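Heads up: the structure comes next, in structure tokens.
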Amino acid sequence: SEQTEIKIELSPEGLEPAVKALGDGSGKDRRIYFFDTPELELFKAGIELRARIKSDGDGDTTIKTKDLTDSQFDSDFFTRDGFKCEWDRLAGISPGDRSCSYTDDRGALEFAHVLVSRDRAARSLFGSRQIDFFEQVALPRLKIPDPWNALKPLGPVQARVWKGSAPFATDLEMTIEYWEIPGANRLLEVSV
């Protein structure tokens, strides 16, 4: 199905007033980890492996790749829950970048094994269909023989998420995400 999502990022000057206006009580905390090699080879190849963990410890994992054509993967993926493709278009830039992602839910214990006790590899956080997708479309872009063994967790990025109806159209869902990236920057993204 076709959907349109409009995203706006606030400038640094607008962050403080916006975050204060949102208030702390209604938002949900998340920790976000990315997995990559020490040389960031996945990032350079347009590949993202991400884990988002909610305050209760449960969450999801996503494998995302950029600049794909339909011929690069099985059309069977389009029928699977958690799989989506999207075009990212910026004002004045056409046609934009196409990315496809595969997201799957994970439990707190799975995250703890990989991120706390570190007795399991990052690969264990991803489901078999996500791994199929990664190996079909991402693996050919990488110049390392076994990227799964080279992955290290990066993060966490602390985030706060607010969800609700858009004030200008109650039939539309609005999501606001505030990210604090240690040693880098902060961003606030509003999407409808």
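The values are calculated or read from the model by the stated rules, or taken from the named source; none is laboratory data. Nothing here was measured: the structure is a model prediction, and the numbers come from that model. For neighbour counting, all protein chains shown are included, and Cβ atoms are generated from backbone atoms with ideal geometry for every residue, glycine included. Areas reflect the complete protein model, heavy atoms only, side chains present, ligands, DNA and RNA absent. Shrake-Rupley method; radii C 1.70, N 1.55, O 1.52, S 1.80 Å.
Yes or no, residue by residue, for (1) over 21 Å from Gly164 (Cα atoms); (2) touching a Phe, Trp or Tyr at 6+ places or on another chain (Cβ under 9 Å):
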position: Leu10; (1), (2): no, no
position: Lys20; (1), (2): no, no
position: Tyr33; (1), (2): yes, yes
position: Leu40; (1), (2): yes, no
position: Arg52; (1), (2): no, yes
position: Asp56; (1), (2): no, no
position: Lys66; (1), (2): yes, no
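Of all the residues in the stretch 37-54, those that are modelled with pLDDT under 95, open to solvent by less than 30 Å² (accessible area, probe 1.4 Å) and in a strand (DSSP E or B) number 1.
Residues that are out of contact with any Gly (no Cβ under 9 Å at 6 or more places or on another chain) and among the aromatic types (Phe, Trp, Tyr) number at least 3 in none of the strands (runs of 3 or more DSSP E) confined to the stretch 131-192. Of the residues making up the stretch 67-97, just one is out of contact with any Gly (no Cβ under 8 Å at 6 or more places or on another chain), modelled with pLDDT of 65 or more, exposed (fewer than 10 other Cβ atoms within 10 Å of the Cβ) and within 20 Å of Thr4 (Cβ to Cβ), namely Ala91. Asp24 meets the conditions (1) modelled with pLDDT under 75; (2) closer than 27 Å to Trp148 by Cα in every case but one. The failed one is (2). Put simply, of Ser117, Ser124, Ser99 the only residue that is of a type in the set (S, T, N, Q) and assigned to a helix (DSSP H, G or I) is Ser124. Condition test on Glu110, is it more than 15 Å from the chain's Cα centre (by Cα), at pLDDT below 90 and farther than 25 Å from Gly46 by Cα? Judged against the criteria, Glu110 is not a match. Across the stretch 122-162, which residue is most open to solvent (accessible area, probe 1.4 Å) among those that are under 25 Å from Arg80 (Cα atoms) and among the basic types (Lys, Arg)? Within the stretch 122-162, the match that is most open to solvent (accessible area, probe 1.4 Å) is Arg129. Among the numbered conditions (1) open to solvent by 50 Å² or more (accessible area, probe 1.4 Å); (2) farther than 18 Å from Lys66 by Cα; (3) charged (D, E, K, R), the only one that Arg106 does not meet is (1).
Yes/no matrix, rows are residues, columns are (1) in contact (Cβ under 8 Å) with a residue 24 or more places away in the chain; (2) among the polar types (S, T, N, Q); (3) within 18 Å of Ser191 (Cα to Cα):
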position	(1), (2), (3)
Gln3	no, yes, yes
Ala18	yes, no, yes
Tyr33	yes, no, no
Leu49	yes, no, no
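Considering the stretch 18-65, and only residues there that are hydroxyl-bearing (Ser, Thr, Tyr) and more than 13 Å from the chain's Cα centre (by Cα), the residue that is nearest to Phe111 (Cα to Cα) turns out to be Ser55. Considering only the stretch 55-66, state which residues are assigned to a loop (DSSP other than H, G, I, E, B) and either buried (at least 17 other Cβ atoms within 10 Å of the Cβ) or of a type in the set (Gly, Ala, Ser) (or both). Those that are assigned to a loop (DSSP other than H, G, I, E, B) and either buried (at least 17 other Cβ atoms within 10 Å of the Cβ) or of a type in the set (Gly, Ala, Ser) (or both): Ser55, Gly57.
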